[in-house]
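The next block holds one structure in the form of structure tokens; read it before the comments.
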Amino acid sequence: MDSERLIDTFVELAKIASPSRHEAVMRDALVPMLEELGFAVTIDDSAAQTGSDTGNIIALLPGTVPGRIAFSAHMDTVEPCENIRVKREMRPAGQLAQRPVDAAGNPFAEDALVEVLCSAGDTILSGDDKAGIAAILEGVRTTLEKGTARPDIQLVFTTCEEISLVGASALADDTFAPGTPCFVLDANGRPGSIVTAAPCHFTFFADFYGTAAHAGICPEQGISAIHMAADAIDAMQLGRINERTTANVGFIEGGHTVNVIPEHCHLRGECRSLVREEALAQRDAMTAAMEAAAEAGGGRVEITWEFSYPEVAYNAEDPLVIRIKDAARLAGLVPRRVTTGGGADANVMGEKGARAITLGIGMTDIHSEDEYIAVRDVEGCAKLVEMLIALYARDGQRL
């Protein structure tokens, strides 16, 4: 592995502004890199469905031994992502959100200095998920330079992940050969982290309708849509419902001016759970709260729920998990199983033929101007990609 080349690749990609639905510029940077490595590259037709200015990138490199392995990361970022400048600096290990550990699992001393990459300005860093892309590219490059055996390598770089996995959801159902192991490099937690449980996700869109009236002359003739929406929110159980389930109302908009009783109010929210039945129960409870508030207020409500993505669940003895643990140890990492409350493309890729699982890459304080990632973690991810390729070349897809 060439560490400086890896970091240079990350910095080059990080500078590219690619918010959701505007990933074409990332596509234009990645396609030549992939073709130089020998991949046959296609752009799928998902743009019409997602509203992006490009489809997903699907690239395939023929192997030298039987079998196939896939890696994935997403091209889009949250904002602000214009004019990103990446800074390298040393920080004491004790100041990091998650103190690094050595290959034996021993934590670094608090005053040990760790090199990190962070934003030099008032933007995100975009380690989510450009660190994942850079690590995948470097792991493949190193494999090719060493001339080691490899199975077929499929890379899938998606659009619109940050807006409820829209790009991955638009992949064709036969994107992956059935049973293809697909490693999605897109989670916080140090490299070696294996996301063996992630929630399903439901989103609601609700419109409350009341009656407009002058707020000073005849308020009693009005029915406030905002009041009904507020009563509905107050009746809901939100936040962390239990260790498996959460719920949130994240958007409210209504009314036109202060002297008119608002006749319309729009809400958007979500619920998610590691257990599908609990998510459905939470969905029904939120629906009931909105319907009851509208009825009590004398108005009405129209509610639409969308199923965003399914849950992911792997047990500790799953051969796929065991294979990742083996590769992590070969890469000098400490493997560990983790549960997350967030979704990733792996949540929907399981419906596209793959055995998809999300891996930690060390990104920290994502979606903020304080975002950073340790250089050693980007290196660890690239090494993990290389070791996964080597293991699947040696043992095939015998899971």
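The values are calculated or read from the model by the stated rules, or taken from the named source; none is laboratory data. If you're wondering where the values come from, they're calculated on a predicted model, not measured in any experiment. Here the Cβ positions follow ideal geometry from the backbone for every residue, glycine too, while neighbour counts run over all protein chains shown. To get the accessible areas, we keep the full protein, side chains included, count just its heavy atoms, and leave off ligands, DNA and RNA. Shrake-Rupley method; radii C 1.70, N 1.55, O 1.52, S 1.80 Å.
The lone criterion from (1) in a loop (DSSP other than H, G, I, E, B); (2) touching a strand residue (DSSP E or B) at 6+ places or on another chain (Cβ under 8 Å); (3) within 30 Å of P335 (Cα to Cα) left unmet by E243 is number (2). Within segment 356-399, restricting attention to residues that are part of a helix (DSSP H, G or I) and of a type in the set (K, R), the residue that is farthest from G139 (Cα to Cα) is R394.
If you go through segment 299-334 and keep only what is within 30 Å of A285 (Cα to Cα), out of contact with any Lys or Arg (no Cβ under 7 Å at 6 or more places or on another chain) and either among the aliphatic types (A, V, I, L, M) or surrounded by 15 or more Cβ atoms within 10 Å (Cβ to Cβ) (or both), you end up with G299, R300, V301, I303, S308, Y309, P310, V312, A313, Y314. Residues that are over 12 Å from A206 (Cβ atoms) and surrounded by 15 or more Cβ atoms within 10 Å (Cβ to Cβ) within segment 284-298 comprise A285, A292, G297, listed in sequence order. Within segment 39-81, can you find the residues that are open to solvent by 60 Å² or more (accessible area, probe 1.4 Å), β-branched (V, I, T) and within 25 Å of E12 (Cα to Cα)? Once the filter is applied, which keeps residues that are open to solvent by 60 Å² or more (accessible area, probe 1.4 Å), β-branched (V, I, T) and within 25 Å of E12 (Cα to Cα), segment 39-81 yields T42, I43. Within segment 331-365, the set of residues being within 16 Å of L165 (Cβ to Cβ) and of a type in the set (V, I, T) comprises T340, V348, I357, T358.
For segment 17-38, indicate whether the set of residues that are acidic (D, E), farther than 16 Å from E79 by Cβ and buried (at least 19 other Cβ atoms within 10 Å of the Cβ) is non-empty. Quick ask: steps written out before the conclusion?
At the first step, the residues of segment 17-38 found to be acidic (D, E) are 23, 28, 35-36.
Filter once more, so that each one left must be farther than 16 Å from E79 by Cβ: 28, 35-36.
Filter once more, so that each one left must be buried (at least 19 other Cβ atoms within 10 Å of the Cβ): none.
No: segment 17-38 contains no residue that is acidic (D, E), farther than 16 Å from E79 by Cβ and buried (at least 19 other Cβ atoms within 10 Å of the Cβ).
If you go through segment 79-124 and keep only what is among the hydrophobic types (A, V, I, L, M, F, W, C), modelled with pLDDT of 95 or more, in a loop (DSSP other than H, G, I, E, B) and within 30 Å of V25 (Cα to Cα), you end up with C81, I84, I124.
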